[in-house]
Structures are given as C-alpha cells and as structure tokens.
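Student: The structure under discussion is supplied below as structure tokens; questions concerning it will follow.
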Amino acid sequence: MYRLVYISTPKPDISRTDVEHILKAGRKNNAKNGITGLLIQDRRRFLQYLEGEAAQVEETFARIASDSRHSAVIQLKVGYIGRRQFPNWEMASKYIDDVDSLLPVVTDMVKNCDRDVAQELMNFAEARDRAA
Ligand SMILES: Cc1cc2nc3c(=O)[nH]c(=O)nc-3n(C[C@H](O)[C@H](O)[C@H](O)COP(=O)(O)O)c2cc1C
C-alpha cells in the first residue's frame, strides 16, 4: 500500500459548495481508482491523506496538484505503508472552524489506524495547531 500526504492553501474565496464539488468528484474517482483517505480543511489549509496503488495515488495527486481551487501544494510524506488504513473511506472529510484545534479531530479519525500512521497524522495536526 502506498500513501501520500500533503498540505495546501485553499483559494481565498473558496466556498462550502466548492468543497462539496471537490468531495463529490473525488469520491467518485477514488472509488473507481481504489483510493481511500481523508481531507481535512480549516480556513487556511487543506490536509489530505491518499492511499492506494502507487500509480493510482501518483496519478490522482498530479490531478489534484494542478487544481486551481488551491495552491502551495506541499508533499509532507510519500511512500509505502503496510496496509490500507481507511478501508471504508473514499474520502472522509472534516471542516474545522477556526476556533477549534485540529488535534482532537484527527486523533478521532485515526483511531483504527496503525500506530505509526496515526502518529504521523497527529504530528501534522499538532504542528498546524501550533502554527495557527
Ligand atoms: C483539496 C482538493 C482535494 C481533492 N481530492 C481529490 C481526490 O481525492 N480524488 C480526486 O479524484 N480528485 C480530487 N480533487 C479534485 C481534482 O483536483 C479534480 O478536480 C478531479 O479529480 C477531476 O475529476 P473529474 O475529471 O471527474 O471532474 C481534489 C481537489 C482539491 C482542490
């Protein structure tokens, strides 16, 4: 199993409807491409975790990276992991209001994951909380 994690900056005027469209197209494509994962958004950042077959993940990420609804796409982590972590989620999503901290949300989302993957996502959440 191959996973890729990135952060990006939503375009300034992004709306809830934009994000709903992203999720709808994403879930449809991901189901077809054997990709699962999560997309977390607050007003300043997207954090996305994608997993699946390497070629499919890279192809999907290339498509996502050129999407004009976000910019400053930065890969945080890429490579092989033991098993699929989110077998039931074509793309789980959470919108976090500015006042909330990301860590409790992410901690809850990764509770069925292997410890190392869970830890890595919680570390990103913590770093973001510190920067917020
Ligand atoms: C933050 C963000 C996350 C996205 N996540 C996915 C995804 O997980 N899977 C996917 O296929 N497209 C995703 N997209 C959408 C792609 O960039 C692209 O618009 C879409 O795959 C095109 O699908 P279509 O050709 O079926 O319309 C995402 C876009 C953004 C901005």
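The values are calculated or read from the model by the stated rules, or taken from the named source; none is laboratory data. Values in this document were obtained by computation on a predicted structure and should not be read as measured data. Cβ atoms come from the backbone with ideal geometry, glycine included; neighbour counts cover every protein chain shown. Side chains are part of the model used for accessible areas, which takes the heavy atoms of the whole protein and leaves out ligands, DNA and RNA. Shrake-Rupley method; radii C 1.70, N 1.55, O 1.52, S 1.80 Å.
Student: Would you check which residues across the range 87-110 are within 16 Å of the chain's Cα centre (by Cα) and either part of a loop (DSSP other than H, G, I, E, B) or among the basic types (Lys, Arg) (or both) and list them?
Tutor: Pro87, Asn88, Trp89, Glu90, Met91, Lys94, Ile96, Val110
Student: Within the range 58-72, identify whether any single residue is acidic (Asp, Glu), away from the ligand (no atom under 12 Å from the Cβ) and in contact (Cβ under 8 Å) with a residue 12 or more places away in the chain, and answer yes or no.
Tutor: Yes, that holds for at least one residue.
Student: What's the total number of residues in the range 1-13 that are open to solvent by 30 Å² or more (accessible area, probe 1.4 Å) and within 21 Å of Pro104 (Cβ to Cβ)?
Tutor: The qualifying residues number 1.
Student: Hey, another quick one. Which condition number does Asn30 fail, the rest of (1) surrounded by fewer than 17 Cβ atoms within 10 Å (Cβ to Cβ); (2) farther than 20 Å from Ile96 by Cβ; (3) polar (S, T, N, Q) being met?
Tutor: Unmet condition: (1).
Student: Which members of the range 14-24 meet the condition of being in a helix (DSSP H, G or I) and surrounded by 13 or more Cβ atoms within 10 Å (Cβ to Cβ)?
Tutor: Selection gives Asp18, Val19, Ile22, Leu23.
Student: Among (1) of a type outside the set (S, T, N, Q); (2) on the phi > 0 side of the Ramachandran plot; (3) over 13 Å from the mean Cα position of the chain (by Cα), there is one condition Arg63 misses while meeting the rest; what is its number?
Tutor: (2)
Student: Quickly run through the range 111-132 and pick out the residues that are touching a residue at least 40 places away in the same chain (Cβ under 8 Å) and either buried (at least 16 other Cβ atoms within 10 Å of the Cβ) or part of a helix (DSSP H, G or I) (or both).
Tutor: Listed by number, the residues that qualify are Val117, Glu120, Leu121, Phe124, Ala125, Arg128.
Student: Condition first: in contact with a helix residue (DSSP H, G or I) (Cβ under 6 Å, 6 or more places away or on another chain) and either without any contact (Cβ under 8 Å) to a residue 40 or more places away in the chain or small (Gly, Ala, Ser) (or both). Now tell me which residues in the range 73-106 satisfy that.
Tutor: Within the range 73-106, Ser93, Ser101, Leu103 meet the criteria.
Student: Sticking with this structure for a sec: Filter the range 39-86 down to the residues that are assigned to a loop (DSSP other than H, G, I, E, B) and open to solvent by less than 70 Å² (accessible area, probe 1.4 Å), then identify the one that is farthest from Arg115 (Cα to Cα).
Tutor: Across the range 39-86, the extreme among qualifying residues is Asp67.
Student: In the range 28-50, which residue that is within 9 Å of the ligand (Cβ to nearest atom) and more than 21 Å from Gln75 (Cα to Cα) is farthest from the chain's Cα centre (by Cα)?
Tutor: Lys32
Student: Restricting attention to the range 10-27, which residues are under 25 Å from Leu103 (Cβ atoms) and either near the ligand (Cβ under 10 Å from one of its atoms) or touching a helix residue (DSSP H, G or I) at 6+ places or on another chain (Cβ under 8 Å) (or both)?
Tutor: Selection gives Pro10, Ile14, Val19, Ile22, Leu23, Gly26.
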